[in-house]
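Below: the structure, in structure tokens.
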Amino acid sequence: MSMIFQKRSTRTRVSTETGMFMLGGHGLMLGPQDIQLGVNESMRDTSNVLSRFNDIILARVFGHEDVVELDKYSEKPVINALSDKYHPLQTLADLMTLHEHWDGNLKGKTLGWVGDGNNIIHDFMIGAIKQGMNVQVATPKGYECDADVVETAKQLATENGVSLVFTTDPMVASKGADVISTDTWVSM
């Protein structure tokens with residue numbers, strides 16, 4: 001597995017590298033000093049080369065378009081370890097924790113979010129809705145979730161028969177929540 005880390009992270013690197021080792025594979029760490037992702041080498045070339053030598057490409061990048069482009073040209077699966085739009089590995093860890101806490105039954109529970117509308121809540125609300133959870137999101141004015149992600153979440157909420165609330169009032173998002181989550185306040 002090639003692990004592209006434009007953006008550093010101790011937890012993501014250690015957990016993915018250790019997990020790959022435990023499964024009998026090898027994680028090849030590629031930091032900004034190791035490759036010229038999209039600079040001197042095109043994303044297409046990087047993706048083609050990495051997919052020839054690896055079974056999986058993991059990418060922790062700044063721009064979401066980088067993950068999309070890597071995936072477009074890769075012959076192998078590309079895992080988004082983080083982008084400015086989504087953070088699916090964090091969501092998997094959060095949902096796994098909630099599954100463990102509630103013995104695998106998240107249906108009907110309510111997730112409250114208080115924080116900026118960022119990559120973490122984008123994935124967390126989509127994942128929670130798919131698990132049958134109601135979601136209540138409070139973001140500061142001017143720091144709302146991306147409109148396209150909100151539309152996707154609304155569609156999924158309708159399909160899954162759950163409620164989805166967006167507000168700027170943390171008390172509204174917290175009221176009746178079974179779990180409340182947040183992230184670093186960038187807007188402050």
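The values are calculated or read from the model by the stated rules, or taken from the named source; none is laboratory data. Only a predicted model underlies this, so the values are computations on that prediction, with no experimental measurement involved. Here the Cβ is made from the backbone with ideal geometry for all residues, glycine too, and neighbour counts use every protein chain on show. What goes into the accessible areas is simple: the full protein's heavy atoms, side chains included, and nothing from ligands, DNA or RNA. Shrake-Rupley method; radii C 1.70, N 1.55, O 1.52, S 1.80 Å.
Figures for the structure shown
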read-out	value
Burial order of peptide ranges 102-108, 124-130 (average beta-carbon count within 10 Å, highest first)	124-130, 102-108
Most to least packed among 109-120, 166-177, 141-152, 41-52 [average Cβ atoms within 10 Å]	109-120, 41-52, 166-177, 141-152
The chain: relative contact order in percent, alpha carbon pairs under 8 Å with at least 6 residues between	17 percent
Phi-based couplings in Hz for the stretch 163-173 (Karplus 6.51, -1.76, 1.60; Gly and Pro marked x)	8, 9, 10, 10, 8, 10, 9, x, 5, 5, 5
Rg in Å to one decimal, and Dmax rounded to a whole Å, for the chain via C-alpha atoms	17.9, 52
Residue-wise HN-Hα coupling along the stretch 148-157, computed from phi with Karplus coefficients 6.51, -1.76, 1.60 (Hz; x: Gly, Pro)	5, 6, 4, 4, 4, 4, 5, 4, 5, 4
Positive-end residue, the chain charge dipole about Cα centroid, Cβ charges, pick of THR91, ASN160, GLY104	GLY104
Charged-residue dipole, Cβ positions (Lys, Arg, Asp, Glu), the stretch 97-188 about Cα centre, Debye nearest 20	260 debye
Spin-label model distance (nm) - LYS72 vs ALA93, 7 Å beyond Cα toward Cβ	3.0 nm
Share of carbon and sulfur in the accessible heavy-atom surface of the stretch 124-188 [1.4 Å probe, %]	53 percent
Using θ = phi - 60° and Karplus 6.51 cos²θ - 1.76 cosθ + 1.60, couplings along the stretch 59-73 (whole Hz; Gly, Pro as x)	10, 10, 10, 7, x, 4, 4, 5, 5, 4, 5, 4, 5, 4, 9
Amide H contacts under 5 Å for ILE79, placed H, 5+ residues apart	ILE57, LEU58, ALA59
Added length on full extension, which subtracts the Cα-Cα distance from 0.36 nm per residue, ASP45 to GLN155	36.0 nm
THR168/PHE62 FRET efficiency (R0 25 Å; Cβ-Cβ; nearest 0.05)	0.35
Reciprocal mean inverse distance between Cα atoms of the stretch 1-83 - Kirkwood radius, Å	12.5 Å
Taking the C-alpha atoms of the stretch 91-188, convex hull volume expressed per residue in Å³	83 Å³
Alpha-carbon Rg/Rh ratio, for the stretch 34-78, with Rh computed the Kirkwood way	0.91
The chain - mean residue ellipticity at 222 nm from DSSP helices (-39,500 (n - 2.57) per run, n ≥ 4, rounded to 500)	-13000 deg cm²/dmol
Per residue value of the accessible surface for the stretch 41-84 (all protein chains in place, 1.4 Å probe), Å²	52 Å²
Nearest-ten-degree value, helix 88-101 long axis tilted from longest Cα axis of the chain	50 degrees
Interchain or long-range residues, amide H under 5 Å from TRP113's placed H	GLN136, VAL137, ALA138, SER181
Cα centroid of the stretch 1-56 to Cα centroid of the stretch 143-188, whole Å	32 Å
Accessible area of the stretch 37-112 belonging to carbon and sulfur atoms, whole % at 1.4 Å probe	51 percent
In degrees, nearest ten, helix 10-22 long axis to first principal axis of the chain (Cα)	60 degrees
Label-zone membership for the stretch 89-124, site ILE180, 7 angstrom Cα→C-beta point, backbone N under 13 Å	111-115
Accessible solvent surface per residue of the stretch 86-129, calculated while the other protein chains remain in place, 1.4 angstrom probe, Å²	40 Å²
